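The values are calculated or read from the model by the stated rules, or taken from the named source; none is laboratory data. Everything numeric in this text was worked out from a predicted model, so none of it was measured. All Cβ positions, glycine included, derive from the backbone under ideal geometry; neighbour counts span all protein chains shown.
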């Protein structure tokens, strides 16, 4: 059975396919178990569950939470971002839903501040400043959760930059504003109180939000987890589209050592479509309960 427990939608996050299109594609690809794990949003879970059930696909409720984390021995004690995946929670849990709505509101405020900072750079370069109408145009282009990629795409559309990557390299990294300060203690409590489990996502992702920002050493990464994260998590993502074999083997051993749940997925944003292309063992499905 093909398994993919890390997928992002256009409907509620920064993917390029709607929930309906994801379920349709999963059926075409014969994926037997999936989870849509949108960034800081559970607004699409009820629809995804219903559509998956209708198409004979097993479904686990999912969300990806961005967490502010620091460790005294690394990065001079300064905070970095880590991602955690919540699974099999009650998607109607009011406390979790309210917190994610609060984070969503902050995202929009953050975006406006980022645009202000970009305008400072534009003024230096003699480029016409972005206005409130531009902000509204960006917001109108967002189907799911507002994020920096939407600003980048708008800068491409305005022909200020040639690509999303250039937008990040030239403006969005320099003009960034801190994300909502959600800490691991609260993230863990929210997911567990909603009846779910919480999993450390892509811990050694070289191009993403991961422990690589603190250290590239796999033994040091797992030492950090043991010291500061382990008591707050139930599992670790062992299979990921940007993992090498060494990373996967290391985290499988680590998970078994600490009797953690092991998950895996493509982290598919459908650019290109990667759903179901990661070889996640069938025993991963056995760790979850189904109706």
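State whether one or more residues within the stretch 73-83 are surrounded by 18 or more Cβ atoms within 10 Å (Cβ to Cβ), touching a strand residue (DSSP E or B) at 6+ places or on another chain (Cβ under 9 Å) and closer than 14 Å to residue 45 by Cβ.
Checked against the condition, which is being surrounded by 18 or more Cβ atoms within 10 Å (Cβ to Cβ), touching a strand residue (DSSP E or B) at 6+ places or on another chain (Cβ under 9 Å) and closer than 14 Å to residue 45 by Cβ, the stretch 73-83 yields no hits at all.
Would you mind stating whether residue 141 is in contact (Cβ under 8 Å) with a residue 12 or more places away in the chain and in the same structural domain as residue 20 (by TED's automatic domain parsing)?
no
Looking at 220, 185, can you tell me which residue is in the same structural domain as residue 249 (by TED's automatic domain parsing), under 26 Å from residue 91 (Cα atoms) and surrounded by fewer than 17 Cβ atoms within 10 Å (Cβ to Cβ)?
185
Quick one: would you say residue 6 is in a loop (DSSP other than H, G, I, E, B), surrounded by 16 or more Cβ atoms within 10 Å (Cβ to Cβ) and either assigned by TED's automatic domain parsing to the domain that holds residue 141 or at pLDDT 95 or above (or both)?
No; evaluated as a whole, the condition is false for this residue.
Checking the condition touching a helix residue (DSSP H, G or I) at 6+ places or on another chain (Cβ under 7 Å) and either closer than 18 Å to residue 263 by Cα or part of a strand (DSSP E or B) (or both), which residue from 224, 229 passes?
229
With the stretch 80-196 as the region, which helices (runs of 4 or more DSSP H) entirely inside it contain at least 1 residues that are touching a helix residue (DSSP H, G or I) at 6+ places or on another chain (Cβ under 6 Å) and within 26 Å of residue 17 (Cβ to Cβ)?
So the answer is 94-125, 132-140, 148-157, 164-167.
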